[in-house]
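The values are calculated or read from the model by the stated rules, or taken from the named source; none is laboratory data. In this text the structure is predicted, and so the values were computed from the model without any measurement. Cβ atoms come from the backbone with ideal geometry, glycine included; neighbour counts cover every protein chain shown. Heavy atoms of the whole protein, side chains included, go into the accessibility calculation; ligands, DNA and RNA do not. Shrake-Rupley method; radii C 1.70, N 1.55, O 1.52, S 1.80 Å.
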Amino acid sequence: MIEAKNIDFYYGDFHALKNISMKMEAHTVTAFIGPSGCGKSTFLRLFNRMNDLIDATRLTGECRIDGADIYHKSVDVDELRKKVGMVFQKPNPFPKSVFENVAYGLRVGGMTDKNRIRQRVEAALTGAALWDEVKDKLKKSAFELSGGQQQRLCIARALAISPAILLMDEPASALDPVSTSKIEDLIHVLKKEYTLVIVTHNMQQAARVSDKTGFFMLGELVEFSDTKKMFLNPEKEETQNYLTGRFG
Amino acid sequence: MNKRTSQRIAFGIFRILGISVVGILVGILGFIVYHGVGAVSWEFLTTAPSDGMTAGGIFPAIVGTLCLVAGSLTIAVPLGVMSAIYTTEYAGNGRVIRLIRIMTNNLSGIPSIIFGLFGMALFVNRLGFGDSILAGSCTLGLLVLPVVIRTTEEALKAIPDAFRTGSLALGATRLQTVGRILLPAAFPNIITGLILSVGRVAGETAPILFTVAAYFLPRLPESVFDQVMALPYHLYVIVTSGTDLEAARPVAYGTALVLIVLVLFMNLLASFFRKILDAKKG
Ligand SMILES: Nc1ncnc2c1ncn2[C@@H]1O[C@H](COP(=O)(O)OP(=O)(O)OP(=O)(O)O)[C@@H](O)[C@H]1O
Ligand SMILES: [Mg+2]
């Protein structure tokens with residue numbers, strides 16, 4: 001379970017997240033929606049501490065995963081990131097072969113047994129619904145894959161190290177409709193094993209894939225509820241306006 | 001005059017200037033080849049000088065220059081690459097980093113004879129290396145350090161941040177990211193920096209003058225504490241001093257030709273290497 005409590009986040013003087021609290025249950029899909037610049041990515045990056053890489057940022061509030069404070073001094077950030085995987089908006093495979101891309105996290109984690117690595121790579125590629133398409137080109141450069149395949153490769157790369165949580169920042173926004181629907185199908189399957197948090201600009205996508213939806217605006221969490229309820233009968237007027245396209 | 005005519009004239013001038021650069025280069029090469037090719041023979045490449053350096057070959061000087069190139073790169077490459085990794089991948093943009101940058105830039109502006117003097121004071125005398133390959137390599141290593149640092153920095157900066165975040169998001173440490181993703185990706189570009197360094201090291205006279213170069217030493221070095229002859233210094237010696245300057249002139253051109261070919265050959269080797277890496281990458 002992921003739990004954020006009274007989160008405030010600043011880029012220098014800029015107040016990017018304002019007093020946000022939210023709970024996400026295991027094995028659910030949570031979608032973040034909202035106009036550009038409202039803080040969805042910033043909020044998402046809190047959970048694998050990728051915001052740590054940005055200079056002059058400040059965070060207050062509590063951020064817990066399965067009860068443990070992930071910003072506690074004793075937390076090993078590299079280990080945290082092995083449990084909380086991330087898929088980025090633009091596919092970012094490494095300049096390596098398809099196989100080595102997926103094996104990367106394993107090798108970095110210290111796995112050396114060739115057979116085990118091969119099994120895990122195959123399992124991860126299968127899990128990302130990519131195995132059949134790439135099983136004959138494992139040695140080829142990852143850049144030779146299509147954009148959609150590259151994105152699923154990045155998902156496979158994240159799955160290979162068996163995270164508990166998968167954060168996805170607009171994973172389909174750079175893809176064509178066919179690739180997008182493949183990713184969406186995949187999300188439905190992954191939900192059984194992982195806790196997913198997905199940022200999207202596509203309202204229909206949020207409606208299709210998520211159990212719960214959070215609507216952000218100007219750094220605030222305006223509304224957070226079951227996806228069905230939010231889309232059928234939102235509580236706040238801002239949400240209503242955004243969903244019907246009167247804003248953003 | 002309308003815009004198009006003036007543009008045409010401007011580009012015409014640029015073109016002539018561009019071509020004349022090529023002309024100058026071809027001129028220099030042609031001049032050296034024309035005068036030097038007669039002196040170069042198998043014997044010239046494989047024997048030591050004789051008859052007051054008016055005859056014989058330049059083998060010890062070739063070996064000496066190769067030793068100095070290898071020695072100085074052995075020193076400059078690890079140092080330069082490591083400090084570039086530090087400045088681009090670890091340190092933020094604090095005062096220390098800016099100081100390092102300024103120092104690196106200034107280091108490359110120091111005349112090479114000053115390096116020679118400093119190398120003599122520090123390596124030859126203070127550290128007691130004596131006139132030796134070690135002292136010369138250290139001095140030349142310092143000289144090319146800024147080039148190595150600068151190219152490595154540029155090579156690292158050219159790598160998209162998405163590779164870094166992608167790697168870190170998988171739980172890799174910064175050091176693992178550097179070693180497994182960034183350095184391999186930057187390698188071909190770092191090689192380019194080495195090409196420049198090789199040319200510089202092989203051709204410099206001033207830094208080796210007081211630190212390693214021997215006037216006349218027909219035997220080959222046995223350890224890093226030996227002196228050696230070197231091509232550029234040998235060239236200087238046979239042009240300016242010796243028993244019979246006129247008689248030694250062909251040897252001088254021959255030496256110049258060998259020096260140029262050596263540098264060109266190393267550049268070719270390096271860019272060939274780079275092509276292979278580029279093809280393998282990705
Ligand atoms: N590295 C940064 N430094 C300073 N300000 C930043 C940085 N990253 C984001 N911001 C600011 O924080 C706010 C939230 O950005 P964020 O990227 O989280 O928005 P978003 O909701 O993901 O938007 P989008 O839908 O366009 O991706 C924006 O106003 C943005 O300008
Ligand atoms: Mg975003």
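Looking across the stretch A:198-228, the residues that are open to solvent by 60 Å² or more (accessible area, probe 1.4 Å) and farther than 24 Å from A:ILE183 by Cα come down to A:LEU218, A:GLU220. Look at (1) on the phi > 0 side of the Ramachandran plot; (2) open to solvent by 30 Å² or more (accessible area, probe 1.4 Å) and you find that A:GLU170 fails only one, number (2). Every condition in (1) within 14 Å of chain A (Cβ to nearest Cβ); (2) hydroxyl-bearing (Ser, Thr, Tyr); (3) within 16 Å of the chain's Cα centre (by Cα) is met by B:THR165 except one, and the failing one is (3).
Please tell me if A:ASN51 is of a type in the set (S, T, N, Q) and in contact with a Phe, Trp or Tyr (Cβ under 6 Å, 6 or more places away or on another chain). Answer is no for this residue. Looking across the stretch B:42-86, the residues that are more than 23 Å from the chain's Cα centre (by Cα) and open to solvent by less than 40 Å² (accessible area, probe 1.4 Å) come down to B:PHE44, B:ALA48, B:PRO49, B:MET53, B:THR54, B:ALA55, B:GLY56, B:GLY57.
With out of contact with any Ser or Thr (no Cβ under 9 Å at 6 or more places or on another chain) and in a helix (DSSP H, G or I) as the only criterion, which of B:ALA162, B:ALA135 stands out? Give the steps one after another, and end with the answer.
Values: B:ALA135 fails: out of contact with any Ser or Thr (no Cβ under 9 Å at 6 or more places or on another chain).
On inspection, the qualifying residue turns out to be B:ALA162.
Among the residues of the stretch B:177-231, those identified as among the hydrophobic types (A, V, I, L, M, F, W, C) and within 14 Å of chain A (Cβ to nearest Cβ) are B:VAL178, B:ILE181, B:LEU182, B:LEU183, B:ALA185, B:ALA186, B:PHE187.
State all residues of the stretch A:61-77 that are open to solvent by 40 Å² or more (accessible area, probe 1.4 Å) and within 13 Å of another protein chain (Cβ to nearest Cβ); if no residue qualifies, say none. Give the steps one after another, and end with the answer.
If we filter the stretch A:61-77 for residues that are open to solvent by 40 Å² or more (accessible area, probe 1.4 Å), which is where we start, we get A:61-62, A:64, A:66-69, A:71-76.
Matches in the stretch A:61-77: A:VAL75, A:ASP76.
Checking every residue in the stretch B:209-221 against the condition of being in contact (Cβ under 8 Å) with a residue 12 or more places away in the chain and in a helix (DSSP H, G or I) gives at least one match.
Conditions tested, residue by residue: (1) on the phi < 0 side of the Ramachandran plot; (2) polar (S, T, N, Q).
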residue: A:LYS18; (1), (2): yes, no
residue: A:MET24; (1), (2): yes, no
residue: A:HIS27; (1), (2): no, no
residue: A:PHE32; (1), (2): yes, no
residue: A:ARG45; (1), (2): yes, no
residue: A:ASN48; (1), (2): yes, yes
residue: A:ASP52; (1), (2): yes, no
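Can you name the residue in the stretch A:9-60 that is farther than 22 Å from A:GLY85 by Cα and more than 13 Å from ligand 1 (Cβ to nearest atom) and, of all such residues, is most open to solvent (accessible area, probe 1.4 Å)? The selected residue is A:ASN19. Residue count for the stretch A:102-124 satisfying the condition of being buried (at least 20 other Cβ atoms within 10 Å of the Cβ), under 26 Å from B:ASP161 (Cβ atoms) and more than 9 Å from every other protein chain (Cβ to nearest Cβ): 5.
Could you please find all residues in the stretch A:160-173 being within 16 Å of ligand 1 (Cβ to nearest atom) and within 12 Å of chain B (Cβ to nearest Cβ)? Before the answer, list the steps.
Just the residues of the stretch A:160-173 that are within 16 Å of ligand 1 (Cβ to nearest atom), to begin with: A:167-173.
Passing the criteria: A:LEU167, A:MET168, A:ASP169.
Only one of B:LEU231, B:LEU134 is over 25 Å from B:VAL81 (Cα atoms), buried (at least 21 other Cβ atoms within 10 Å of the Cβ) and not hydroxyl-bearing (Ser, Thr, Tyr). Can you tell me which? Explain how you work it out, then say what you get.
Values: B:LEU134 fails: over 25 Å from B:VAL81 (Cα atoms).
Of B:LEU231, B:LEU134, the one residue that is over 25 Å from B:VAL81 (Cα atoms), buried (at least 21 other Cβ atoms within 10 Å of the Cβ) and not hydroxyl-bearing (Ser, Thr, Tyr) is B:LEU231.
For the stretch A:27-35, state whether one or more residues are more than 16 Å from ligand 2 (Cβ to nearest atom) and either charged (D, E, K, R) or out of contact with any helix residue (DSSP H, G or I) (no Cβ under 6 Å at 6 or more places or on another chain) (or both). Checked against the condition, which is being more than 16 Å from ligand 2 (Cβ to nearest atom) and either charged (D, E, K, R) or out of contact with any helix residue (DSSP H, G or I) (no Cβ under 6 Å at 6 or more places or on another chain) (or both), the stretch A:27-35 yields at least one hit.
On inspection, B:PRO184 qualifies as in contact (Cβ under 8 Å) with a residue 60 or more places away in the chain and either farther than 30 Å from B:TYR233 by Cα or small (Gly, Ala, Ser) (or both). Between A:GLY127, A:GLY148, the distinction of being away from ligand 2 (no atom under 16 Å from the Cβ), under 17 Å from the mean Cα position of the chain (by Cα) and open to solvent by less than 10 Å² (accessible area, probe 1.4 Å) belongs to A:GLY148 only. If you take the residues of the stretch B:178-194 that are over 13 Å from A:LYS96 (Cβ atoms) and open to solvent by less than 30 Å² (accessible area, probe 1.4 Å), which of them is nearest to the chain's Cα centre (by Cα)? Per the stated criteria, the residue is B:GLY193.
Residue-level check: of (1) open to solvent by 10 Å² or more (accessible area, probe 1.4 Å); (2) at the interface with chain A (Cβ under 10 Å from one of its Cβ atoms), B:VAL147 misses just (2). Considering the stretch A:82-91, and only residues there that are facing chain B (nearest Cβ under 8 Å) and buried (at least 23 other Cβ atoms within 10 Å of the Cβ), the residue that is nearest to the chain's Cα centre (by Cα) turns out to be A:MET86.
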